[in-house]
Structure formats: structure tokens, C-alpha cells
2 protein chains.
Amino acid sequence: MTTEKVRLIPLGGLGEVGKNMMVVEYGDDIIIIDSGVMFPDDEMFGVDLVIPDTSYLADKKDRIRGILITHGHEDHVGGLPYILPMLDFPPVYATRLTHGLISVKLKEHRLLDKAVINVVSPEDHVELGRCTAEFFRVNHSIPDAVGIVIRTPLGVVIHTGDYKFDYTPIDGKPADLGMLGRLGNEGVLVMMGDSTRVESPGYTPSERVINDSLDKIFANAPGRVIVATFASLISRVQQVIDTAVRYDRRVALVGRSMQNNVQMAIELGYLDVPPSTLIRPEDINKFDPEQIVVICTGSQGEPTSALTRIANKDHRLVRIQPGDTVILSATPVPGNEKMVHRTINNLFRLGAEVYYQGLSHVHVSGHGAQEELKLMLSLLRPRYFVPIHGEYRQLILHAKLAHSLGIPDDNIMVAEDGDIIEISSEGIKHTGHTATGNVYVDGLSVGDVGQIVLRDRKVLSQDGILMAVLTVDKETGQPIAGPDIVSRGFVYMRDAEELLESARERVLESFVDLNGHGSDWSFVKDKIKDTLSEFLYERTRRRPMILPVVMEV
Amino acid sequence: MTTEKVRLIPLGGLGEVGKNMMVVEYGDDIIIIDSGVMFPDDEMFGVDLVIPDTSYLADKKDRIRGILITHGHEDHVGGLPYILPMLDFPPVYATRLTHGLISVKLKEHRLLDKAVINVVSPEDHVELGRCTAEFFRVNHSIPDAVGIVIRTPLGVVIHTGDYKFDYTPIDGKPADLGMLGRLGNEGVLVMMGDSTRVESPGYTPSERVINDSLDKIFANAPGRVIVATFASLISRVQQVIDTAVRYDRRVALVGRSMQNNVQMAIELGYLDVPPSTLIRPEDINKFDPEQIVVICTGSQGEPTSALTRIANKDHRLVRIQPGDTVILSATPVPGNEKMVHRTINNLFRLGAEVYYQGLSHVHVSGHGAQEELKLMLSLLRPRYFVPIHGEYRQLILHAKLAHSLGIPDDNIMVAEDGDIIEISSEGIKHTGHTATGNVYVDGLSVGDVGQIVLRDRKVLSQDGILMAVLTVDKETGQPIAGPDIVSRGFVYMRDAEELLESARERVLESFVDLNGHGSDWSFVKDKIKDTLSEFLYERTRRRPMILPVVMEV
């Protein structure tokens, strides 16, 4: 039975954090799990978003049976508006709230008509070629998160999605331990497990512990309470609303994504808000400060978010006043620390009392810590294990954790994006590698910004640019106008006249000794470039990009 | 006695982390404490270093009695090579190891002949005009760190420097509690206290706790042990050497600053190394792996450091081999997390076992936590308190901490760089503000890179640049050559021919309807700029810098 193979091809999220996307193949059937984006890091100058490279799928579109979505976070659904058209709109399967969030996103991209999005619930079975998919409830920092079961003729394939175990979640729906136990008894061929928090020992505390902190802060707040959190963290919004009701306060939602998400969560029944609790942000000042709670976006210090504007005295409706208490109910995503700290500093400067993670217990993670990862592995007892969702060190540590629970090293596969993993009756092995990497979204275009453009942006960002422009006579090959020297981001031109004048002279000297290369303009340009580069480095120890332009008349 | 005033003018380190510099004035006498640098953040494109703005001192050079240095870290001494010449080389006072580190630095800048650096010890009294300075030993992550006492006729001024209390330090020299107690009994007018770790409850553990972790890791290491730490963290180097000796291993030092610092520490008697323990890095392979320890730089993932090169398979002498154990004995400085994680990922990829803070207890901070800050305040019992060394939120939290110990709010001054603080018999008050901010060192020049250059670098980094160059006839005002369109960092030019061709046409169209502005080139250039800007944004949703160049012949 050499054809009996399951292949796993991670296109994103393995060896990195973000743009999660996993391809599962059995025979002719291809099933995709998640299509996320990654936010650009400091080296990806000017890039808006990063999506997975899906060129592996380009010639296999007709074999794609569906895209299964674990939950509605950007790193799992944000790639859909770009990837669905590339793949000729295969059907998408998602739980109810996730479906809502995807629909909003596709509508913004004017793709809602073309896309096929099916709502699924944990009881459903979805036929996908010769495979069937099921879903099991997990806890995460957004409602309606699920893990995925794919039944293939070779055995059961499980993808945990992002998860933690919360025995007392705010929405009353703990992870489905019963189904996980049943799957483990049935026998699991391979489990792909979230590695995000493998470096943390113990358990991630229940969302419920936040209640105590909120209670204490609300009890002592002399004026308004302003809470910033993730717009998708509906359970936190519920906790703040519950606390507000207990303390007889009204709630205003500030920030577009907070308003949209809460609206949708109420409509779909994921949020329980007593009547007349919500007020319009415009009406905040009609109430006494001690009657007000503001829930807003900006917990990551994002430049245009509500909280950042408030901290910068730049918000249309909310200005910090004496007695205000601000809670940042989130931890900074790695890379956002400086922006978050800037926001906190500014809020303190305006006289607010500020509570944030580290000082107070105002946030818990949405990912399971070591003991929870062990619980998942122990419930499912998979034959093969593939750690997913994490940088390389996290995948390795998750592999060691699995090994410590008795899974043999030969049955554990640490893989990265693009690796082709094959599982057969003979074991699990790495059989090849496919195209992989970052596809950049910049403005309207997807994929046209590559390494050359990014490298230029980097050089430009370091020492700027200097252009030498001149017009030469076609006949004599000698300059008749210019050189004009123009620079940006190199020196402050008004203070550097002598330097730029000397540069001009160097350019003219380049024309003296051309050794018969008189009208070989690429030779002349190279010579100008070298001369200027050397001269400017010697004088300034900087290396601006140098761009000679020669025009013939 | 209206002339009896002490003035404190922080020029760096208050409201930010880094470039610490404090001016203390009594009458005509000016005393400076520290002259540090700050490393540029992501927004300071291409900048090498940041130093304090010392323009406040420009017309007061003759009143400067000396610069007192608390310890040899870059954020306290790194500004000296730039600031000493600006201030006509006032005398510098530093403890022995700090003196050694400053000397190396000034030698590199060829300033050693001109500078006057005096070695002081905690027993010394230094006359500085009508004031006297003394020094008290504190614990910090570098040997020979001191706090500073300035006796003015109005009272005792204390600057803690960076500190923690370690009762069992590796070098056997705990902070001088006796002297602090005596100063408290005597009466302290004002204390300026380090706020770096005010957000952490409890005590910072003793350096000694690291011994257990090192012991455990060495006991289980099957091959070489490679330890990366700060080159100035001499006590950590001592601990690694002691552990190496216990496990019968030789030690090789890798990385220039590690070699230089250890060399100096040995010569000055700050490190105790048994004979024949050290070997040359070139000789590593002459020993069995289990006989080797490498101590190297690169714990912050700095691109050109030893550990980063090792992790990138790019080091001349050290290559990771199976069985290697790597310890990162440091925590990432905020902003360095990504680089450190990249290094750890790469080391795991090469098959090393990697231990780092969070997973193992391999580092402790050099700054005191809340209980230590309380201890310092309780020993000194100052009348006035000024929190220093920290971002605004940290200064505020330190002020609250001091208040909780009974210092009245009116006696606590939260100030930021450039604030002028005056202390007299009437109290402490804020009397003004002086020039302050960042002075950028970029290449050879200090201070010429300002906001305009940085703003241009930022724009260039986002969407690149597009130039439109053309030659026009002086008489007719019409183009006779060009427009040539050249772009960098905007689009990949080879793929964007149609776009650039359209841009060229737009430029030519700008010449059609000039309404008599035919030879008003700044009008023409503005028109080209606006036309192109609008066209390119519409087509690409990007906003490259646009630079029209018009040459007349």
C-alpha cells in the first residue's frame, strides 16, 4: 500500500510567529487549515502585511477541497482576501463568530459575492473528498475557537489551532475534554500542536482571575475607568461590562474595530449586555465621571488607535482628566513594547492612574503553558507529533516536551515552513521542500515588493540618497549643464554647501580622464558613483545611495 | 539667604532610558554626574549614537569643577569622547576600573592626552569649588560602581547611580550600608535615586544564585560550554571561570570587547584566574570538547558579535558541533528581543542545547527592585527626593513608592530632561526649562543630523523615491531631453515599465498648461510633483518621495 500517505506541508507559522497556514494532503485531496497574515517587522520597510507564499498550490487548485479555519484572529484569517482569489475561491469552513469576522473582511475587499463561507459547529461532519473534517471546542482569547480533526483513510490527523484549557471560561464553554479523550481512545495518527507558550511553566490562569483585579480597580477609581484591550477579546469585554454593571457605570465603546466587533458579538449572541448599559461615546460627558467606563482599542500602542490618540491629547471625544483610571488589559505583542510604554508614559504625564500587566494582574494569555500542552498530548496520545505555531526554539522545546511524555524521537518531526512531511505505515519523514517565504502586501499590490526593493529602502533609511544630475553634449561628450547635486536624508543641505560644492567638482573631474570612454554612459556613471562614494565616505563616514543621471542633448 | 540654592538640571536619563547626565549647581560651582550615550531606536534611522544636548553648559564652561562618574557602563560614560571636547576638558573623577574603561575609550578617540581623569576610591574627598564629593560603594552589574555624595553649604546631595543591594556579591564587596546609615543620620537634603526596576516587586536575587544554575548545566554538558554575557559583567565572568575550574575545563575568551575587558580586569585585580586556565581561542580544538568553556560577547544578538557569528556559521574559530551547550547569561535589553531570539533559534537549528533566561535562572538584574529602593530611601531618609534613570511611568512609580514611605508629596519632584529644579530653605521647586533633547552622532559628525534629515530617511524607508529628470530649452521652456524616470525602493523597475512610462507621460503633460509660468521652475517642479504624487498613489497606494529635477540649457 505505497499510496497510503498523508502529507503535511506547512506554508506559514512554523519557524516564525504569524501567517499560519497548513496544507494536509491525502491522495488527490488537499485540505488547507487557516490562511493568516503576519505583521511586518522592522526590516520589512514600508510593507503593510505579509502573507504566505502559496505557489506550491498554484498547479493544484482543482484538488483543494476546502479551507478550514480554527478561529478569527488575523494570523489565521487575515490572508484570505489575498489567497482566496489566487486559489479560485475554494470553500471556507468556519464557526459562527469566525464566519462573521471573515465576512466583514471579505466585504471590505469586495470579495463577499465570490467567496463561499460555510458555518460549521462542533457537531458537524464535513466531507472533503475521501476525508471528513470535525471540530472540537478549545479555549482561546476569542470565542468560537476550535481544533480540527481530519479523518483520512490512513488515520486521524489533528490540528489543535491556538488553545488553552480554561475550566471556568467567561462564556461557560470549556474546551471539549470529552471529545479529546474519545479521539485519544480511538487512536490519533498525527497531532499538530500550538507551541506559542511552551517556554512558560505551569498553567495559564483562567480568564476569571481578571475579575478580582477589575473589581479592586473599579472599587478605588474616583472617576472614569478607561479599559483598552483587543477588539476580538470578547470575554474581556464581557468582564468589563459585568464589572461596570456591578458598579453602576455606563459603558461607551471607542474605536472602530471595538465598536464593530462588539456589535457583531451582541448580534450573534456572544455578549450579554443588560439594556441601557451602552451609551454613545458622544454622550460620555452627560454623565458624572464615576458613572462612566470606556472600552477602547489601542492596547498595543498602535499609532492611530483610540488609546494612543487619547494619550496624545488627540482624540475627538475622550480627553484624560484628573481622576481618570486607565487599564491596559493586554500584554504587548513582541515588538510593540516601546509603543505601549510610550502610551503608558503619556497617560501618566496627563495625570491618569494607569494599571498594566506586570504591575497588576489585568491580563492572561490565550495560549496554554507547559502543563496544558502536556494535557493535550496526554489526552490525544498521537503516534506522530509535529509542533506548529512558533519560532524554531519553541518548536524544539515542544518536541522535547512531547519526548518527555514518551513519544519516541523518531515519531516527532520538527519542521519549518515549506518542508514536506510524509506519514505512511513506515513512519514520518521529511521528503522535500517547496517554495516558501514572505509575500509582501504593499499598497495595492501583492508580491511585487521583493528583496531588491527592500534592500534599497534599507540603504535609503540609513544614510539617505545623493543624486548627481547633468546634461552632456552628444557630440563632445562634455557637460553643458549641471552637475546638480540633490540629496535627501543624507545631510541637511543648507548646512552642507561646502561639502556639496566639493562633490560637484569631483563629478566634473570624472569627465577629465575618460580614456576614450567618452560616450559610454554606464562607464561614466560608474565612475561618478565610485568617486562620490569614496569622497563622501572619507568626509562623513556615511554611505548614502548615489545615483548619477546623465542626459544627452 | 536667598543665594543659598542647590540647582539640579538633568540633561539626560529622566523620562528616558540612557544617556544619563545630571548637572548639580551650587552658586558658581557646577558639578556634572555621568555623561552617557543612548543607543538609537527604530525611529532614529541611520544614527550611530545619541548623546545629551549640553548647550545649557556652553556659556558656563569655566564654572564646571568636574565630572563625577558612577560606573563604567556606556549609558554613563559613552558620551565623554564627544562631551569632554565641547566642555574644554573639565577633570573627570572615577573609580579604578571605571578609569580604566574610560581611558580605553578616550584612547580610541585620540583624546587621552587632553583629558584629565583622576582615580578616586570610596575613602576619598574631592574638593570641587565650595563643595566636596565623596563616594559610596553600591552593587551593580559591573565592579567598582559607586553612588555620589556632594556636600554643599546648603546640605548633602546624593546621587545613587545605578544600584542594587547584594549581600553576597561575587567580589565580596557589598554596598556600603554603614556609610549610607551614617549619611542618613547626618541628614540628607536631596536624594536622586535609580528608578530602572521600580516595576518589579521584591528583591533582585544575589549574583550568587547563578552559581547553582551554572553548576547544574556544566554537570550535564556532554561537550563544550559556550557562555555569552556582557563584557562588563566581570562577576559573571568570574562565576563561569570558577565553575570551569571546578569541572576541569579550560576557558577561551572570544570577542574583542570580552578579551579587552577581561584583560583589564585581571591586570587591575578584579578577576581571579588560576594559572593556565585561559587558553587562546585558536587552541580550542587542541582539547576535547568536555574540557572547553568559551566565554563570548553577543548576549544581545548584536549583528557583528561573536555569538551571532557563531549562530550564523560565520565565526572564524568557533563552529557549533553536536554536544555543544550554549548559555545566554543576560536578558535582552528592551528592543533587542527579536535579535536575541533569532540567535537562539539559529543555535537550536545547528543542534546546540541552549539555556536562556526564562527557561533557566542564568541571569539576575543589576538594578534593585522595589524593596531595595525602599531600603535606600529608608537608610538615607532624604528631605527631598528626585527619581532619576527611567521612563516617565517609572519616575512616577518611584515617586509613589517614596510617598508610601512617608516623604510628603511636596518634597518629591518628578522631573524630566531639561527641567531646572531648585532647592532652597523654602522647598523644592521647578523653576524653568533649558534646551534639551537628542544630539545625534552619525559617522564623523555630531549634531548635524536633525529632524529634517531623519524625517526624509523615514519617508525614504517607507516607499522609496522616484525622480523625474528633464532638460528644458531656456528660450522655449519646453523639454528637449527626458523626462528620465528613476526610482529606488518604490517598485521593482523592471516589472513596472508600464507604470513608469505613464508617469513619464504625466510629467510631459505638466508642461502643456503652464499659464505663463513657463520659466518659473519652482512652479513647474511643484506641478510635476503634485501630478506624479496623485497618479502614483492612485495606481499603487504608495507615497514615494518625489523629486523633480529640471535643467536649463
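The values are calculated or read from the model by the stated rules, or taken from the named source; none is laboratory data. Predicted model, so just to flag it, every value in this text is computed and none were measured. We place every Cβ from the backbone using ideal geometry, glycine too, and count neighbours over all the protein chains shown.
Could you tell me which residue of region B:33-49 is farthest from B:Leu80 (Cα to Cα), considering only residues that are among the aliphatic types (A, V, I, L, M) and crowded, with 24+ Cβ neighbours inside 10 Å? Filtering first and then ranking leaves B:Ile33.
Being charged (D, E, K, R), closer than 21 Å to B:Tyr93 by Cα and in contact (Cβ under 8 Å) with a residue 40 or more places away in the chain is the requirement here; does B:Asp166 meet it?
The answer is no for B:Asp166.
Inside region A:299-324, residues that are under 18 Å from A:Gly223 (Cα atoms), within 14 Å of another protein chain (Cβ to nearest Cβ) and out of contact with any Leu (no Cβ under 8 Å at 6 or more places or on another chain) make up a count of 0. Considering only residues in region B:7-25 that are surrounded by fewer than 24 Cβ atoms within 10 Å (Cβ to Cβ) and in contact (Cβ under 8 Å) with a residue 60 or more places away in the chain, the one that is farthest from the other protein chains (Cβ to nearest Cβ) turns out to be B:Arg7. Does A:Met551 fit the bill of being within 8 Å of chain B (Cβ to nearest Cβ), in contact with a Ser or Thr (Cβ under 8 Å, 6 or more places away or on another chain) and within 21 Å of B:Ile465 (Cβ to Cβ)? Yes: the conditions hold for A:Met551. Pairs are defined by a Cβ separation below 7 Å, a sequence spacing of at least 6 or placement on different chains, a first member in region A:322-351 that is touching a residue at least 12 places away in the same chain (Cβ under 8 Å), and a second member that is assigned to a loop (DSSP other than H, G, I, E, B) and of a type in the set (Phe, Trp, Tyr); the pairs so defined are A:Ala330/A:Phe230.
Quick grid of which residues meet (1) farther than 16 Å from A:Val491 by Cβ; (2) at pLDDT below 90; (3) not aliphatic (A, V, I, L, M):
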{"site": "B:Glu416", "(1), (2), (3)": "yes, no, yes"}
{"site": "B:Ile428", "(1), (2), (3)": "yes, no, no"}
{"site": "B:Gly432", "(1), (2), (3)": "yes, no, yes"}
{"site": "B:Asp442", "(1), (2), (3)": "no, yes, yes"}
{"site": "B:Val446", "(1), (2), (3)": "no, yes, no"}
{"site": "B:Gln451", "(1), (2), (3)": "no, yes, yes"}
{"site": "B:Ser461", "(1), (2), (3)": "yes, no, yes"}
{"site": "B:Leu466", "(1), (2), (3)": "yes, no, no"}
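Is it true that A:Val294 is of a type in the set (Val, Ile, Thr), away from every other protein chain (no Cβ under 11 Å) and either touching a Phe, Trp or Tyr at 6+ places or on another chain (Cβ under 7 Å) or part of a loop (DSSP other than H, G, I, E, B) (or both)? For A:Val294, the condition - of a type in the set (Val, Ile, Thr), away from every other protein chain (no Cβ under 11 Å) and either touching a Phe, Trp or Tyr at 6+ places or on another chain (Cβ under 7 Å) or part of a loop (DSSP other than H, G, I, E, B) (or both) - is not met.
With respect to the conditions (1) surrounded by fewer than 18 Cβ atoms within 10 Å (Cβ to Cβ); (2) under 30 Å from B:Gln321 (Cβ atoms); (3) of a type in the set (Gly, Ala, Ser), B:Gly181 lacks only one, and its number is (2). Scanning region A:446-501 for residues that are more than 7 Å from chain B (Cβ to nearest Cβ), more than 26 Å from the chain's Cα centre (by Cα), over 20 Å from A:Met545 (Cβ atoms) and not in a strand (DSSP E or B) gives A:Asp473, A:Lys474, A:Glu475, A:Thr476, A:Gly477, A:Gln478, A:Arg494, A:Glu497, A:Glu498, A:Glu501.
Being over 30 Å from B:Thr54 (Cα atoms) and within 13 Å of chain A (Cβ to nearest Cβ), is that true of even one residue in region B:510-522?
yes
Residue count for region B:322-340, restricted to those that are in a loop (DSSP other than H, G, I, E, B), in contact with a Gly (Cβ under 7 Å, 6 or more places away or on another chain) and surrounded by fewer than 24 Cβ atoms within 10 Å (Cβ to Cβ): 3. State all residues of region B:159-171 that are surrounded by fewer than 23 Cβ atoms within 10 Å (Cβ to Cβ) and touching a helix residue (DSSP H, G or I) at 6+ places or on another chain (Cβ under 8 Å); if no residue qualifies, say none. Of everything in region B:159-171, those that are surrounded by fewer than 23 Cβ atoms within 10 Å (Cβ to Cβ) and touching a helix residue (DSSP H, G or I) at 6+ places or on another chain (Cβ under 8 Å) turn out to be B:Phe165, B:Pro169, B:Ile170, B:Asp171. The set of residues from region B:434-445 being of a type in the set (S, T, N, Q) and within 19 Å of the chain's Cα centre (by Cα) comprises B:Thr436, B:Asn438, B:Ser445.
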